[in-house]
Every structure is written in C-alpha cells, then in structure tokens.
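Following: one structure in structure tokens, then a few remarks.
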Amino acid sequence: MTQHDRLLIIDFGSQVTQLIARRLRELNVYCEIHPYNRVSDSFLSDFAPKAVILSGGPDSVTREGSPRAPNALWSLGVPVLGICYGQQTMMQQLGGLVEHGHGTAEFGRAFVTPTADSLSILDGWFEDGREQVWMSHGDHVSKIAPGFTVYGTSPNAPYAVTADISRHFYAVQFHPEVHHTPKGAKLYENFVKLAGFKGDWTMGAYRAEAIAKIRAQVGDAKVICGLSGGVDSSVAAVLIHEAIGDQLTCVFVDHGLLRLGEAEQVVKMFRDHYNMPLIHADESELFLGALEGVSDPEVKRKTIGKLFIDVFQKHANEVGGAKFLAQGTLYPDVIESVSFSGGPSVTIKSHHNVGGLPEKMGLKLVEPLRELFKDEVRALGRELGLPASFIGRHPFPGPGLAIRCPGEITTEKLDILRQADAVYIDQIRKHGLYDEIWQAFAAILPMKTVGVMGDGRTYDYALALRAVTSVDGMTADYYPFSHDFLGETMTRIIQEVKGVNRVFYDVTSKPPGTIELE
Ligand code: XMP
C-alpha cells in the first residue's frame, strides 16, 4: 500500500471518470478510482482518503435503486466534491431534491456566473465575469440540501455550484475534468489545496518506493520479463533491474516482424548500455514459417499470440527456477469499470498479450507500473535515465508488421515495408512532427499497380501511410499533413525504396476505421 496522501474517486460510470484521475495526478496527488458498488463503509475507513470525489454517471438519481454514495461518507469529516451525477446524489442523500428532465437538460457548452461571496474552489474563476463549463445532464437539482449555499449558476442549472462550507461538501453540475471547462484544472487544484494535499506524488518519490516494494516482494528469487522494446516493458525492466540487479533476466522475442534496425537497437541498449541479462530469441523463421499463406487477420493474430507464448516459455525455462514474471501493466488496464450495459462487447481484434502465461508456468506477477498512467510511465522513464528518443516512441503493436501487411506476408513485402516505414518516420522527424503525432507507420497494400518511371513501365506495390492523433488509441483522427509534406514523402519513398510505385495517405478516423489496418 502506498504511503502517500490518498484521494478516493467513487465512480458512478461516467465516460470521463479517468480524466478526473489524470487531472489529479497532474497535481501530484495520488488517487484511485473505485466503482460505487465496491465502496462499502468499511472500505472507506480502510482506504482512509484525505478527500473524496463523486464522479458523474449515466443513471438517474430519481430512479429507484439507482447508485448512491455510502452513508458513512457524510460523517467521515473529509472534503467531498460531487460532480454531475455525484452532485445530484449528494443533494438527494443530504435532504435536497432532484428532478428528471422538464426541458432543463443541458449538453455541451454553458456559462456559469457567480451568485454569492467567493468560494475557495472557485479561486481564479470569473475574472471576466463568467466562466465556460461543459454540461451533460438530463436531471437537475430543484432544491438544494439544508446547509448548502449557491455560488454559481447557469441558464439551465440554477444550482451549478453549491457548497456547505462548514462540512466541506462541494457540488458542481458540470464536468471540470474535461478540456472544454478551461478553468476545471484550477477548480481541482483549489479543491486538493483546501483538503491539505501536499502534492507528494512525484516520480522521484515513486521510484524509491517502487524499488523497495519490488525487493520486498521478490526477495532473492529470479524474475523474468518479456521485453518488447516498447515504453512500458522497458521502464518496468529498468526499474526492476535497479531493484534486484541480475536476478532479472529479460527475454526479447524477435518474431521477424520488427521495424528496420529495431532488434539491434533494443539489444544494444539493454545488454550493452544497461548491462542487463538479456536473451535475444531470434525466432523469425519459426514465426514467418507459421504465417506462410495466412491472410486472415484474426488467424494471423492468434498464430503470433500462441507462438509468442510458446517461445517465451521455452526461453524463460532456460533461466531456470524463475518465480516471478514482470509485466508493464498500467493503471487504465486495472481500473475496474462500472458496467451498465452488462452484455459482452464485440471482439474487434484479438490483442496480443501474454495473458494466461503466469498460471501456465506457475509464476507470480511483478507489475511495478500498475498504479501509473502512460504519461507517468514516461516521466518515470525519464527519471530512470532512459533516452528521450526511447520514451517518446510511438506505440508498436505486439503482432508487429504482420498487421501492417494486409493479405499474405512475404519476406519481400516485409523488406519493402521496413524501408518505406523508415523513410516515412525519418521525414516526420526531419519536419519536427514526431511528437505531435500519436502514432505513424506505413502499411503495404495487397495489390500491385502500374506506373511509369524514367521511360519504362512499372508494376509494383502500393503503400498506405497512416498518422493519427489520439489520447489513448481508443479514438483517433488522421494527422493533417501539409500537401508539401505528403508530396515530398511520396517522392522520397518511391526514389529510395525499390518495389513501390504508388503512395496513399489514409484519412480514416477511428471510428469508423481502426488505427492498424488489420
Ligand atoms: P487499433 O488498430 O485497434 O489499435 O485501433 C489501437 C492501438 O493498439 C495497438 N495495437 C496493439 N497493441 N497488441 C498490442 O500491444 C496488439 O495486438 C495490438 N493491436 C493493435 C495499435 O498499434 C494502436 O496503437
């Protein structure tokens, strides 16, 4: 358990609950999200939060049996902030009234104006007399609970901001965590300040704490770690190595589907620079052999996933007597979400991971990044001295180039793809765009087209270039390159890469597309 001041976010199922946590972590405040139906009175006292935030949610407080905050919360004596649904349940539970609809629903931009004396959570607000906020509510509070005063109002939410200062209860109808509430981050800053948070959640402090925890968990046992060269597994490996030195062995499985020079870079960095025991398993023949003639995306993914586990297991056995498997699991993978739909979701793609391995091999897990968001993992990587070029790398999928080569995979296509991708990324870096783009790559299309070069006819492959902006890969939009950039990149690729005579730029967003082509 962490030593830091802790803030508890009780989740009522809002789409943006994770953003609350991110805003708080940006303020160096440690917080955890827990679904409302898991937060009992005893959980509350064990967790011992220094403050509590009640999230928004899709249900209606007016519906019988709808979610509530635990009753013990109101006598805990710590500041509580209710947001949207959280505000409404707070009012209802403390003696106010919430009503459904009646033309007072509000979705999108609204403006809040002050109605009473200043309120500490609104410090820095209303410099221009009003403040833009983001609303998303069907219900509204029609009577505030005894003890509360109104501090802000909007045309459709007369009780946009209310508070009972003596009990440190604060309630807002809008969502301060979204970017469309420009002063929202300031509201959170004011709230954690009044709750007495010291801002003690820093990556420097976390590093020391995580190292101590790893040592205590592992003792003198051996640990194996699957290194992919991605940011998460790299940061996890360096952190664990710092904690237990050569008790850690990393296994880097090269499935022959990596980018140009990638295997060499990873091996050089971890073996030579970090002096880490590293098994470089070059299994490209095995993987490419199994993929021969396979063109169905799901069959590709499943073939790679299964072989990966077999190969990893084989090499991990060579280490002998390992008791732990290290993984770069992040906090968003761990947060238990509130599900209202209940039904199974459709599988769009079978993601490649090493799930199932620990049980199969009788290993326990070491997951030192479980409490961190991606941007915190990057900050920790910087703290550990990983090169900036490594930390800022775009994500790369487990099945590698296989899913950037729709249709059958051949070594010829992979070679062309590797070279073209390297030119494309070089172009992006030269134009200073790499860090603005969330992910960029080339894909080789399963077709040949006719062209003319010099005075001759060509019949060569076509490439698709992809570049997207995104926050978490769940949704994405294409990156708006200039036409000059696209033209210059096309020229370079066709001149420098033999076997390509046509280049497309993919402008599909996600949805309806996905980021990878398969
Ligand atoms: P899609 O194509 O689903 O990709 O829009 C979203 C993000 O996930 C990456 N991706 C994967 N990552 N194993 C991974 O580790 C996989 O099997 C996998 N498939 C897609 C993709 O590169 C993008 O960043």
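The values are calculated or read from the model by the stated rules, or taken from the named source; none is laboratory data. Remember, it's a predicted structure, so these values are computed and weren't measured experimentally. All Cβ positions, glycine included, derive from the backbone under ideal geometry; neighbour counts span all protein chains shown. To get the accessible areas, we keep the full protein, side chains included, count just its heavy atoms, and leave off ligands, DNA and RNA. Shrake-Rupley method; radii C 1.70, N 1.55, O 1.52, S 1.80 Å.
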Query raised in the report: Looking at (1) at pLDDT 90 or above; (2) within 16 Å of the ligand (Cβ to nearest atom); (3) touching a Leu at 6+ places or on another chain (Cβ under 8 Å), which is the only condition R378 fails?
Result: (3)
Query raised in the report: How do the strands (runs of 3 or more DSSP E) wholly within the stretch 242-345 filter down when requiring 2 or more residues that are surrounded by 20 or more Cβ atoms within 10 Å (Cβ to Cβ): which remain?
Result: 248-254, 322-326
Requested in this report: Return only the number of the condition from (1) of a type outside the set (S, T, Y); (2) over 16 Å from R25 (Cβ atoms); (3) outside any strand (DSSP E or B); (4) open to solvent by 10 Å² or more (accessible area, probe 1.4 Å) that A185 does not satisfy.
Outcome: (2)
Report summary line: When the stretch 496-518 is checked residue by residue, the ones that are charged (D, E, K, R) and either open to solvent by less than 20 Å² (accessible area, probe 1.4 Å) or within 23 Å of K300 (Cα to Cα) (or both) are D506, K510, E516, E518
Report summary line: A236 fails exactly one of (1) within 15 Å of the ligand (Cβ to nearest atom); (2) crowded, with 24+ Cβ neighbours inside 10 Å; (3) among the hydrophobic types (A, V, I, L, M, F, W, C); (4) not in a helix (DSSP H, G or I), namely (4)
Query - Filtered residues of the stretch 1-39 (kept if closer than 18 Å to C84 by Cβ, open to solvent by less than 50 Å² (accessible area, probe 1.4 Å), in contact with a strand residue (DSSP E or B) (Cβ under 8 Å, 6 or more places away or on another chain) and in a helix (DSSP H, G or I)) - result: T17, I20, A21, L24
Report task. With the checklist (1) closer than 23 Å to P395 by Cα; (2) in a loop (DSSP other than H, G, I, E, B) in hand, flag the one item K498 doesn't pass. Result -> (1)
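A442 - would you say it is within 16 Å of the ligand (Cβ to nearest atom) and open to solvent by less than 50 Å² (accessible area, probe 1.4 Å)?
Values: within 16 Å of the ligand (Cβ to nearest atom): yes; open to solvent by less than 50 Å² (accessible area, probe 1.4 Å): yes.
Answer is yes for this residue.
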Query raised in the report: Applying the selection to the stretch 470-506, what residues are in contact (Cβ under 8 Å) with a residue 40 or more places away in the chain and within 13 Å of the ligand (Cβ to nearest atom)?
Result: S470, D472, G473, D506
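Would you pick out the residues in the stretch 103-114 that are over 34 Å from the mean Cα position of the chain (by Cα) and either of a type in the set (K, R) or over 21 Å from G86 (Cβ atoms) (or both)? Can you show your working first?
First, pick out the residues of the stretch 103-114 that are over 34 Å from the mean Cα position of the chain (by Cα): 103-104, 113-114.
Selection gives G103, T113, P114.
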Query - Failed condition for P67, given (1) at pLDDT below 95; (2) touching a Gly at 6+ places or on another chain (Cβ under 8 Å) - result: (1)
Report summary line: In the stretch 242-270, anything in contact with a strand residue (DSSP E or B) (Cβ under 7 Å, 6 or more places away or on another chain) and under 29 Å from R301 (Cα atoms) is listed as L248, T249, C250, V251, F252, V253, D254, A263, V266, V267, F270
Query - Residue satisfying all of: in the stretch 205-224; at pLDDT below 95 and either open to solvent by 30 Å² or more (accessible area, probe 1.4 Å) or in a strand (DSSP E or B) (or both); nearest to E367 (Cα to Cα) among these - result: E209
Query raised in the report: When you look at F324, is it under 26 Å from F373 (Cα atoms), over 22 Å from the mean Cα position of the chain (by Cα) and at pLDDT 90 or above, yes or no?
Result: yes
Requested in this report: Residues being touching a residue at least 60 places away in the same chain (Cβ under 8 Å) and of a type in the set (F, W, Y): count how many of those fall in the stretch 1-48.
Outcome: 3
Query raised in the report: If you check I428, I494, which single one turns out to be of a type in the set (A, V, I, L, M, F, W, C), more than 22 Å from G293 (Cα to Cα) and in contact with a helix residue (DSSP H, G or I) (Cβ under 6 Å, 6 or more places away or on another chain)?
Result: I428
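This table checks each residue for (1) over 14 Å from A163 (Cα atoms); (2) open to solvent by 20 Å² or more (accessible area, probe 1.4 Å); (3) modelled with pLDDT under 95.
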{"position": "V80", "(1), (2), (3)": "no, no, no"}
{"position": "Q87", "(1), (2), (3)": "no, no, no"}
{"position": "M90", "(1), (2), (3)": "no, no, no"}
{"position": "Q93", "(1), (2), (3)": "yes, yes, no"}
{"position": "A105", "(1), (2), (3)": "yes, yes, yes"}
{"position": "A110", "(1), (2), (3)": "yes, no, yes"}
{"position": "P114", "(1), (2), (3)": "no, yes, no"}
{"position": "S118", "(1), (2), (3)": "no, yes, yes"}
{"position": "R130", "(1), (2), (3)": "yes, yes, no"}
Query - Test set (1) under 30 Å from L517 (Cβ atoms); (2) of a type in the set (K, R); (3) at pLDDT below 95 - R271 fails condition number - result: (1)
Report task. For E518, state whether it is among the acidic types (D, E), at pLDDT 95 or above and within 12 Å of the ligand (Cβ to nearest atom). Result -> yes
